[in-house]
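Undergrad: To start, I am sharing the structure in question, which I have written as structure tokens.
None of the figures in this text is laboratory data; all of them are computed from the coordinates on show. Because the structure is a prediction, the values reported are computed rather than measured. Here the Cβ positions follow ideal geometry from the backbone for every residue, glycine too, while neighbour counts run over all protein chains shown.
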Amino acid sequence: MAVLDTSALLNWPIERCRGQIVSMLQQDELARVDEQRWLLIEGLEMDWRTASDDQRQLVHEVASKTGDLPRLSDVDIDLIALAIGNETKLITDDYRMKNVAREAGIEVEGIMTSGGKKQWKWLLRCIGCRRTEEVSTDAHRSKKDDVKLCDRCGSPMKLKRA
Ligand SMILES: [Zn+2]
């Protein structure tokens, strides 16, 4: 069994979620984000738990070290702590959670790479001439989604779902 983050609960085929380890703190979050999905999940035999204070404290320490602590929610912390406490892997696409979990020695698996159905890739498209190109792995992260300028016309290129 693995610990599932909320995106996994939203995106995995419902039968695949059955019996996996989840945090009680996710119940409110799930009900708020997608009530219909929550009703489905509620009807499954999920392994609802909360982490112990010791386990959560350990996550606090590791996340302080990596610098991720200020951006982790209580739910995030509880999920990582549950993976530690149950010595199992964590399913998430959140890079902060991945980072902290790996630092704590937990195996991490992505949601889309582990059987999710919503698979897509990103392309860059020029807002001027509409030329598209593959996203290079060295594209820098930025707050805006302007990643680079078009080689052909010099207009900004935006990330688009292919
Ligand atoms: Zn262009």
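Undergrad: Quick one: net charge around Ser52, please, counting Lys, Arg +1 and Asp, Glu -1 for every other residue with C-beta under 14 Å from its C-beta. Don't skip to the end; give the middle numbers.
TA: Values: positive: Arg49, Arg56; negative: Asp53, Asp54, Asp78, Glu87.
With Lys, Arg at +1 and Asp, Glu at -1, the neighbours total -2.
Undergrad: Now a separate question. Expressed as a whole number of Å, what is the distance separating the alpha-carbon centroids of region 26-45 and region 1-16?
TA: Here the answer is 11 Å between Cα centres.
Undergrad: Okay, next question. From the cross-link list Lys65/Lys158; Lys89/Lys148; Lys98/Lys158; Lys98/Lys148, which pairs have alpha carbons spaced over 32 Å apart?
TA: Lys65/Lys158; Lys89/Lys148
Undergrad: Label Trp48 and Met112 with points 7 Å out from Cα along Cα→Cβ: what is the distance between them in nm?
TA: With each label point 7 Å from Cα toward Cβ, the separation is 3.1 nm.
Undergrad: What percentages make up the Cα-Cα pair-distance distribution of region 1-92 when the bins are 5 Å wide from 0?
TA: All Cα pairs, binned at 5 Å, distribute as 2, 15, 26, 25, 17, 10, 5, 1 percent.
Undergrad: Now for a separate question. Using Cα-only point scatterers and the Debye equation, what is log10 of I(q)/I(0) for the chain at each q in 0.10 Å⁻¹, rounded to two decimals?
TA: Here the Debye-derived log intensity ratios amount to -0.47.
Undergrad: Also, I was wondering about something else. Give me Arg18, Arg152, Arg161 sorted ascending by neighbouring Cβ count inside 10 Å, so fewest comes first.
TA: The most exposed by this proxy come first: Arg161, Arg152, Arg18.
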